[in-house]
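Down below is the structure, laid out as structure tokens.
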Amino acid sequence: NNTPRLTTTGSGVTVSGASTFNEDVVFVGVSEDLRFDKSANALDFNDNFTLRLGNSQDLAIYHGGSNSVIAETGTGNLELQTNSSILLQKGNSEFLAKFISDGAVELYYDNTKMFETASYGANFTSNVRLGTDANSLQIGAGQDLKLYHTSNNSYIGNDTGYLFVQSDSISLAA
């Protein structure tokens, strides 16, 4: 139809209209390359080659040689949305965290579940430690019941009403 599709210019080549490439395509950057690998049917980003998204390029995904990074630098949040659960894993065999759709959040240490949320609240599946003597476990809407330890003594504090202790039998030892 006598319409130019490929024009060479002093600064390069101008392509008009749709283009079809039948082999690999390489985009050469200043220090890194981006390649469409036809045989793998994959778009390959070399280390430090960044995929930037958004009008202000405020979402970036890249691999810097040692670490893989998803960077949100705009004014909004980084949101992960799914119709199912989100699983964070080390490799494909060790869980770090599970965010179960319409259900629990589970946190793992060395592939062992240590904490989970449930319909009744939360459950620790191991010990809970408060790191320093000044910390306390505070219970109640006004944090009226406190369990705490100083360097020499342990305390149960009750800031409102009576403190009741109920049991089938009680034994106190010094």
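The values are calculated or read from the model by the stated rules, or taken from the named source; none is laboratory data. What you see is a predicted model; the values in this text were computed from it and never measured. All Cβ positions, glycine included, derive from the backbone under ideal geometry; neighbour counts span all protein chains shown. To get the accessible areas, we keep the full protein, side chains included, count just its heavy atoms, and leave off ligands, DNA and RNA. Shrake-Rupley method; radii C 1.70, N 1.55, O 1.52, S 1.80 Å.
Take the alpha-carbon centre of the range 141-173, take the same for the range 66-136, and report the distance between them in whole Å.
Spelled out, the Cα-based centre of one part sits 31 Å from the other.
Hey, any idea what the orientation-averaged projected area of the convex hull of the chain's Cα atoms comes to, in nm²?
Its Cα hull, projected and averaged over all orientations, spans 21.6 nm².
Select from Ser154, Val128, Ser171 the residue farthest towards the positive end of the dipole of the chain; place +1 on Cβ of Lys and Arg, -1 on Cβ of Asp and Glu, and compute about the Cα centre.
Working it through, the farthest residue towards the positive pole turns out to be Val128.
To the nearest 20 Debye, how big is the dipole of the chain about its Cα centre, given +1 on the beta carbon of each Lys and Arg and -1 on that of each Asp and Glu?
140
Using the Cβ atoms and a cut-off under 14 Å, what net charge is assigned to the surroundings of Leu147, where Lys and Arg are +1 and Asp and Glu are -1?
Result for the local shell: -1.
Within 15 Å, Cβ to Cβ, of Glu106, how many net charges do the neighbouring residues add up to if Lys/Arg are +1 and Asp/Glu are -1?
It works out to a net charge of -1.
Pick from Gln143, Gln57, Gln81: which residue has the top mean-square fluctuation in a GNM of the chain where Cα pairs under 10 Å get a spring?
Among Gln143, Gln57, Gln81, the largest GNM mean-square fluctuation belongs to Gln143.
Given an 8 Å cut-off on Cα distances and at least 6 residues of separation, report the relative contact order of the chain as a percent.
Relative contact order, the chain: 6 percent.
Ordered by packing density, taken as the mean number of other Cβ atoms within 10 Å over each peptide's residues, highest first, how do 125-132, 28-35 rank?
Packing order, densest peptide first, comes out as 28-35, 125-132.
Can you give the accessible area of Val69 in Å² (nearest 10), computed on protein heavy atoms with a 1.4 Å probe?
Using a 1.4 Å probe on the heavy atoms, I get roughly 40 Å².
Any idea what the relative contact order of the range 70-170 is, in percent, if you count C-alpha pairs under 8 Å spaced at least 6 apart?
11
How would Glu79, Glu94 rank on accessible area, largest to smallest, probe 1.4 Å?
Highest to lowest solvent-accessible surface, that is Glu79, Glu94.
Report the local net charge at Phe95: Lys and Arg +1, Asp and Glu -1, summed over other residues whose C-beta lies under 15 Å from its C-beta.
That works out to -1.
Kindly report the accessible area of the chain per residue (heavy atoms of protein chains, probe 1.4 Å, no ligands, DNA or RNA), in Å².
Per-residue value: 83 Å².
May I ask you to give the percent of accessible area on the chain that is carbon plus sulfur, with a probe radius of 1.4 Å?
49
Among Ser31, Val13, Ser66, which residue has its Cα furthest toward the positive end of the charge dipole of the range 1-116, with +1 on Lys/Arg Cβ and -1 on Asp/Glu Cβ?
The Cα lying farthest towards the positive end belongs to Val13.
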